[in-house]
Structure formats: C-alpha cells, structure tokens
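The values are calculated or read from the model by the stated rules, or taken from the named source; none is laboratory data. Remember, it's a predicted structure, so these values are computed and weren't measured experimentally. Here the Cβ positions follow ideal geometry from the backbone for every residue, glycine too, while neighbour counts run over all protein chains shown. Please note that ligands, DNA and RNA were not included when accessible areas were found on the heavy atoms of the full protein model with its side chains. Shrake-Rupley method; radii C 1.70, N 1.55, O 1.52, S 1.80 Å.
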Amino acid sequence: MGTDTGEPNEFRDSPSRGRWAIAEPPATLREKVHLGFLTARGWGLFAAGAIALLGAFLLGRRELMAVSLFLLVTPLLAAFLLRFGNPALTVTRTFNPPQATTDSSVRVRLHITHRGRSGASIPLSDTLPEDFGKGPEFNYPSRTAAQGAGGSGSWYEYRLRPATRGIYAIGPVRAQVADVFGLAARPAALDAPSALIALPVCEALEPTGIPGEHGSHGQAASNRRLTPDSFEVMTREYRPGDTVRRIHWPATARRGSLMVRQEDYRATPRAVIMLDRSRAAFLSQGAGSEPSLQIPQFTSAPKDSSRRFEWALHAALGVGAYLAQTGFGIDLIDHRGEGVNDVSASGTEEAGELFAGPHATARMQQALAALALEDSAVQRHETARSTLAAALKERMRERGDRLVLILGEPTPEQADDWLEVVGARSKVTVLCVANREAHLFPIISRFRQAGWSAVAVNPKTTLTEAWAGLWHQS
C-alpha cells in the first residue's frame, strides 16, 4: 500500500479540540461491565464437565470427579480473567486528506499493532455513522493487510464519501476479544471515535468586480490592499523639525530637494457577511413544510438544515472567499450578531479574528462545516434586533466596509426591520433564498429603493448567476 501523508487524528488526546472532545468512546452494556461470555468451545467444555460430574456422582469415581471439576472451572476461569484483561491491540486512525469535502472521497487508514505475542486471528470492524452504512470488517493479523515496519502491526484501508457537510464520528474499532484457548469472548472498543470534518464546497466567482463599487471602466473603485493593516509610504518636502531618520533618499535624489517619508496607515476594509440561520426563515412548518436535512455534530445529536439554508451557506462561503481575495477582511456573523466561529461546532480557534489572508477560504470552510439552523429556543424579537444592531455598529466602522445580508424568505415587516437595523448604507448586498423567488419581488423592490443591491434566488440558482444579477444592478 502507498504511504499515507495524513497525520494521526488522535482526537481524545488533543486538548485544543475541546469543542468536540469526548472522554470515553460510546460502549454497549456488555462493554461497560466487561462481562465474559463463553464461546462454543467453552460451552462444550463446560457441558462435558457437567456430564462428567453427573457420572462421577452416579458411579462414585473420584478420578472422574477431578476431571469434571477441571472441565467446569477452566472456561469459567477464562471468562473471569477476560473480564479484567484489556485488549492487547492499539489502533491509530488517519485520514487522507485530513479533512474531506462533499464532492470527493477520503481515505481512512488504520494501523493496528499488538503488545506481546500475536495470538489467534481476531475479527475487527470499524464503526461508521448510519449515512455510510455498515462498517468494514477485517481480521487481525491478516495476510492481505500491509505489514508495518519490522512486521509490527498491520495497515487497513477503505474509502468514505461524505454526502453532507458536518463532523462525522468515525470509530471506534470493535473487536471480539477471546482468551488464548478460545473458551471465552467479549466485545470491546479498541479506540475512541475520530472526528472527520466534511467541508462545504466553495464555488469560485468570476473576477467581475463588487456590486456597487464600479468606476468608469467597470473596475472596483475602492482602494484596498491585499495585505492586512499595511502602510502606504508617501513623501513630502522637508519641514523644520522633521527628524533626519525620515528622509526618503531616493525621492530626494529624484526631486533634487530634501524629501521625507509620510506614512499613511491604511487598515484592511471589512466585509460583514450576515447569514440568517433562524428556523423560521429557512425551515417552514405546517402545510407545505420542507424536509429538514441532518448535519452531523460528531458524537452529539445532529442539527437541522434545509435545502435553502444549504444554498445560503454556500453563498456566504463563495462571496466571502471572493471578497477575501480582493483584499477584504471577512467577518461572518449570524442573525443574532454572533460570530460563526462561536456558534459552530467546527469553529476555528481564532474566534475573534477576521477571515483574511491566503488561508481565509479554508478557515471559512471549516467554520461553516457544522453550522446549522438555530435551536428551538427562540430569543425575543426586540432583543434579537437590538443585539444585531449593536453588533453591526461595532463591526462596521469605516466607510469602505461592506455588508452582505443572506436571508431566507422575509416578510414585509421583517424587511422593514432589516432596513431599520442596518440604516442608511449604500454598500449593502442582499441575497434572499426562497423556493419561489416571485414571492419576494415586493421585498426586493423595497431593498432596491433603499439603494441596496438585492436579488431573489431559489435553491436551483447557481451562485454565479446570483452574483451576476447583483453586479448588473450596479
């Protein structure tokens, strides 16, 4: 087998992953109490001992009594010792690539080693979520499995293809542990589950510019830098009191007069992307309700999503990646003004930082991987609106900052709330996702009358088409 470049996913030993951490692998009742069960060979030996004991009692033969006691005690002793014993197998699970995407497969590699002498063949099976079906089964040691260095342990491989994004619990490897004589056996979990993060796919947008920021030649008019918080060096003539250290010698040579540096600090402009994740906006109830999708949350209960929310999330990722490439620092928040890193189980450690730089897209993919609709607990409307208004006021401080609203199917009253919360801003982009976008035309008209770029889409619309519709409004 080829060499795997993925690193071991030792999930239970990683303190930096406390967001997903699990103390012990889930176990059945038999595993928790470590009860030993006799095998067919053990029960046969026990039955032979019982028959021999009956014969010794009837025939009055002491030597037969000793044989019967040996036959009875041996399987029971094997089960008793198995109850206190630990499996001599160690499992290391790796993923290649370390994180999967919903449009590709991932290779799972198991390295199984043993302590002490290798006994009989042990049947093993890896535990998979229901989405993947029954887990693979194999034997250890196996002649078909690739042997590790020096013949210590074996490698096993199989492939998985996640159907949806989320955090999947892969494992544990389960074994039917038996004693050396095969008289007793019990099920055992050899390791803890490993977290496989399935990332959403990022749809690349064509470099057509940003809605609302086009000059006379169709290019963006804002002055942005590709490196965050950079300094722009300008020069001016020397004035009395200027320090000699600020003299710009190349400009002095060109101008023939003393020139000094004047550093103009340019902060990275910010793009706030607000992704509405309220259940009412994306998961209608009652008549005409839409089916919900389940987003895995590792060992916790899965959370709800919908086709429309999946489109909104992919739009947030695609637009965020595009704006990050053009020099913006991306601030991803939800409809309550909370950062996506704080509410998503797959949020990155840099919770308070903007998504900026060359790794912005990868960080956004991970933060959005396990994001789902809000829980059933509903905050009061007035409190939620004031919280969001305060969050937007805190986050958007510069004139060059932009706001992107990705909404579900707002009512006219909710549209007025958004207009009131956001206020008079010229650089606002709105994407509304509905099953039938014709229902949203009055809402879109209200947003456009306020000077915003707005468009209505359905889950079958591509993000490129939606972005082109926004761009043509500029």
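Structural remarks
- Solvent-accessible area, 1.4 Å probe, carbon plus sulfur percent, for segment 431-474: 52 percent
- Residues whose amide H falls under 5 Å from that of R236, counting only those 5 or more places apart or on a different chain, are V260, Q262, with hydrogens built in the peptide plane.
- Table column - 3J(HN,Hα) (Hz), segment 68-78, Karplus curve with 6.51, -1.76, 1.60, x for Gly and Pro: 5, 5, 4, 5, 6, 6, 4, x, 5, 5, 5
- Solvent-accessible ranking of R246, R254, largest area first, probe 1.4 Å: R254, R246
- Selection of trypsin sites (Lys or Arg not before Pro), segment 55-133, meeting DSSP coil and at most 10 other Cβ within 10 Å: R115, R117
- Per-residue SASA entry for S125, accessible area with 1.4 Å probe, Å² rounded to 10: 40 Å²
- Gain in span if fully extended, E157 to S284, counting 0.36 nm per residue against the direct Cα distance: 41.5 nm
- Annotation: amide H of L332 within the under-5 Å range of I273, V340, F355, sequence separation 5 or more or interchain, hydrogens built in the peptide plane.
- For the pair D342 and D416, label points projected 7 Å from Cα toward Cβ lie 3.0 nm apart.
- Within the shell of other residues whose beta carbon sits under 13 angstrom from the beta carbon of L463, the net charge comes to -3, with Lys and Arg scored +1 and Asp and Glu -1.
- For the pair A390 and E130, label points projected 7 Å from Cα toward Cβ lie 4.1 nm apart.
- G153 long-range amide H proximity, modeled H, under 5 Å: H114, G148
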